[in-house]
Amino acid sequence: MENQQLGMKFRVVHSLKSDLQKALTPFEDSRNYRSFLSTAYGSVTTGYILQFVGAVIVLLFGIIFYRWRQRSQTGPKYWPIIGSMCVLSGNYDQMHDWIVHLSQSSRTFRIRMPFRRQYYCTVDQANVKHLLDTNSINYRKGHGYFKRVEVLVGDRDLHASYLMRRWTASEYSHSTTADMGAEALKKGVCTIARILSQVAFEAGIVDIQELFRRASLDAVGKVALGLDFASLPNNLQTDMPRDHMEFSTALDSATEIVMKRFVDPLWELKRYFNIGEEAVLAEKMKVLNDFIYNIISDRKCELEHFHGQMYDLAQAYRATAEGTPYNTRTNDLVSKYLSLTMKDKDEKTYVPETDVVLRHIVMNFMLGTRDATATTLTWFIYMMSKNPTMAHKLYEELLDFHTRRRSPRDSPLTQVWSGDWDLEAFTFVMNARLRDYARLLTSESLHELPYLHACITETLRLYPVVPLDPMDIEANDILPEGYTLKGGKGNLMFLSPYALARVPAIWGPDAATFNPQRWIHGGKFMPESEFKFVTFQAGLYTCNLRDVIYQNCKVAAAILGRFFEFVYGGPLNHQPQYRMTSTLLVKNGLKVYPRLRD
């Protein structure tokens, strides 16, 4: 009995052991499986790490070999597909000085762009003559240029038309336009001088570039649109009208965005989807176009209403030649163009033009003169503040001119400033002196100031109106120095007057130094070759607005140089930075302390 009970207990225990082993078997299999997975994962991870390290080593050797092959290449280094976009983007804000740096190792170099496009730049004088004269037909504002700037200045066909090449060019450079612009700017500069005298009276500081830009906008508005923008008030606390402010701001923004298109390979894609800066550009262009078209519409109504008093182009030119006055209200470009087309409607030679053409004519004039004058005057004041000896020499020439030309009835040349004077009395005296002196400055009398002309020219040399000028390369070509250029496919040649002015082989060891005396020989101003001084290009492509810009700048500089000296208000030994736009505007403005001469 006991044996049977023991046998039953043994069988029960054995059964429980068997069941326990069966129950624990999956756990043991799971531990083995996890151990297997852990081992396999570690092996695979090690393999991937080794492959990654191997790929990095191969990539590094590839990069080293790729860059080693470029060891003798001039210009910026490049990468597959993206070209030189990395280094170009990194140097965009100081593009002009970067080009100067690259030109020190090679006078002609290439910048590779995405999509197999090539940009070239040269600072060789023989090459410049080849581009602008010898083979100028191969280098022009073509499809690659106009597809970027068309939104602002119109298409290529318009600029190649008889209208733009003849009538508009003659109007831009006509003495009537230059004199009208100079008179308008003279009024603005006299206002600036009154503001500066008040600032000097209070020993304050002022942003001179902002004042110049406002005065230039008023002058250009008068000549191009027959409109007084009223952007330059009698004091700094008054803002211009809101719609005029929006127009000015929109013009600045649109110009900067259009310039960025030359270094942004995706700008066409952004324009298609209307995103990023291209969306902003569309908004700014609507502001500009609405403003100009409204003025054109108003002027049409005026001319149709006063049909008997319409501006007659031939009569106006005849009146100018005879020295007789004529109606200046309709002497702006918009009125001239509308009057001319209205007058010729019944003639067989009449070709109806849309308002779009007139809009482009006005926009080209505004872009060519507004910032050109303000930029040149700003850098001129900076040069005068950094070179007091030359500023004093200019002052002596202007004072001598004032002494010879003044009338006995004019205000005294010098005025004793009593500390008891109040601001009102001080302003009254300055107004009288400014009015008497400004009346002496005419297109003829300015020829008596060679050192003034030299100072403006030297400023334009170092700080050109257009510091970087792109041109399409129509076909393959070989430059005089032997450099081969590939044409087509959106390839561009960039002419850099900013860099050319700093080449010692062209301008001597003091090329980067402000030296007006380089233009004076025997007491007279002696111009250099147009292929050496290329601020306004040369040959067939010489800027039509050169005389207008010169006259405007000389009038303004003569007034300010006669009555003021300027102390730079920025950090010592720190040159102002420029903005990357179509002209060489000073970034964040130019702060100066004005001081009265007398």
| task | Could you tally the net charge around K532, taking each other residue with its Cβ under 10 Å from the Cβ of K532, Lys/Arg +1 and Asp/Glu -1? | result | 0
| request: Report the net charge of residues surrounding Q94, where surrounding means a beta-carbon distance below 13 angstrom and charges are Lys +1, Arg +1, Asp -1, Glu -1. | output: 0
| Computed over region 448-586, Cα set: Rg, Dmax in Å | 17.4, 54
| query | Where Rh denotes the Kirkwood radius from the mean inverse Cα pair distance, what is Rg over Rh for region 181-228? | reply | 1.06
| Got a sec to turn the phi values of region 154-159 into Karplus ³J(HN,Hα) couplings, 6.51 cos²θ - 1.76 cosθ + 1.60 with θ = phi - 60°, whole Hz, x for Gly and Pro? | x, 8, 5, 4, 5, 6
| From the backbone phi of region 261-271, what are the Karplus-calculated ³J(HN,Hα) couplings (6.51 cos²θ - 1.76 cosθ + 1.60, θ = phi - 60°) in whole Hz, Gly and Pro given as x? | 4, 6, 10, 10, x, 9, 5, 5, 5, 5, 5
| request: Please say if region 418-478 is rounded, prolate or oblate, where rounded means a/c under 1.5 for a ≥ b ≥ c the square roots of the C-alpha gyration tensor eigenvalues, and otherwise the choice is prolate for a/b larger than b/c and oblate otherwise? | output: prolate
| Highest average packing first - 126-138, 558-570, 387-399, Cβ atoms within 10 Å | 558-570, 126-138, 387-399
| task | First select every other residue whose beta carbon is under 14 angstrom from the beta carbon of D510; then total the charges, Lys and Arg +1, Asp and Glu -1. | result | +2
| task | Would you kindly derive the ³J(HN,Hα) couplings of region 214-219 from the backbone phi angles with the Karplus curve 6.51 cos²θ - 1.76 cosθ + 1.60 (θ = phi - 60°), listing them in order in whole Hz, with x for Gly and Pro? | result | 5, 5, 5, 4, 5, 5
| query | What is the spread of the Cα atoms of region 510-598 along each of their three principal axes, largest first, in whole Å? | reply | 41, 36, 29
| task | Find the percent of Cα-Cα distances in region 485-541 that exceed 18 Å, and round it to a whole number. | result | 48
| message | With the cut-off at 22 Å, tell me which of the pairs K147/K532; K141/K486; K222/K336; K186/K222 have Cα atoms farther apart than that. | response | K147/K532
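Laboratory data are not the source of any read-out in this text; all were calculated from the coordinates shown. As the structure is a computational prediction, the values presented were derived from the model and not from experiment. We place every Cβ from the backbone using ideal geometry, glycine too, and count neighbours over all the protein chains shown.
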